[in-house]
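These notes concern the structure reproduced below.
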Amino acid sequence: MLARTFWTVVGTLVLVGAHYASEVNQAKVLVVTHGDRVNISDHVVRGKVTIFDFYSEYCPPCRRIAGPLEKLVNGNPKLLLRKVDLNRPGVKGIDWRSPVARQYGISGVPYFIMFDEQGKVTHKGDEAMELLIKWLVERGLIRE
């Protein structure tokens, strides 16, 4: 009886955990790392366009685009935003030596990588930035 109760509790926790993980994965805006290495493909959500924003709080252009970008994503059910903070906790200035910056060869921010609904990379770097700026201008969230 005790063993059956134990396994019932474990099964319930697994289901609750899976449901929670699914909800987190579907969050419109989510920070996926603070300077640590990360496999961004693990954070792509099939059926959605997933935008990865590599940024630093010490980057003025990153701060300027953050609000309009979040409004764009929150206003479009097909878009998700995954934020990749280059900075490790306690590092002042843009952390160019962080594990995630080195992993992806980031030498300028903001830097974007976009995945389509099938989970394939469609745009990165300047090409992604140009497309996002076009969308932001079209929706009146920024001026050209």
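Structure summary
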read-out: Only listed residue being more than 22 Å from Asn39 (Cβ to Cβ) and of a type outside the set (S, T, N, Q), chosen from Asp95, Asp126; value: Asp126
read-out: When residues of the range 45-59 are limited to those that are assigned to a loop (DSSP other than H, G, I, E, B) and of a type outside the set (Asp, Glu), the one farthest from Asn76 (Cα to Cα); value: Tyr58
read-out: Residue in the range 60-79 that is part of a helix (DSSP H, G or I), under 16 Å from Ile40 (Cβ atoms) and in contact with a Phe, Trp or Tyr (Cβ under 9 Å, 6 or more places away or on another chain) present; value: no
read-out: Selected residue (criterion: surrounded by the fewest Cβ atoms within 10 Å (Cβ to Cβ)) from residues of the range 1-44 that are assigned to a loop (DSSP other than H, G, I, E, B) and modelled with pLDDT of 95 or more; value: Asn39
read-out: Ile142 vs. criteria modelled with pLDDT under 95 and out of contact with any Cys (no Cβ under 6 Å at 6 or more places or on another chain); value: yes
read-out: Residues within the range 103-144 that are surrounded by 14 or more Cβ atoms within 10 Å (Cβ to Cβ), in a loop (DSSP other than H, G, I, E, B) and over 14 Å from the mean Cα position of the chain (by Cα), tallied; value: 5
read-out: Filtered residues of the range 74-97 (kept if under 17 Å from the mean Cα position of the chain (by Cα) and not hydrophobic (A, V, I, L, M, F, W, C)); value: Asn74, Gly75, Asn76, Pro77, Lys78, Arg82, Lys83, Asp85, Asn87, Arg88
read-out: Residue that is nearest to Phe115 (Cα to Cα) [pool: residues in the range 83-102 that are part of a loop (DSSP other than H, G, I, E, B) and β-branched (Val, Ile, Thr)]; value: Ile94
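The values are calculated or read from the model by the stated rules, or taken from the named source; none is laboratory data. Just so you know, these numbers come straight off a predicted model, no measurement behind them. Backbone-built Cβ (ideal geometry, glycine too); neighbour counts: all protein chains shown.
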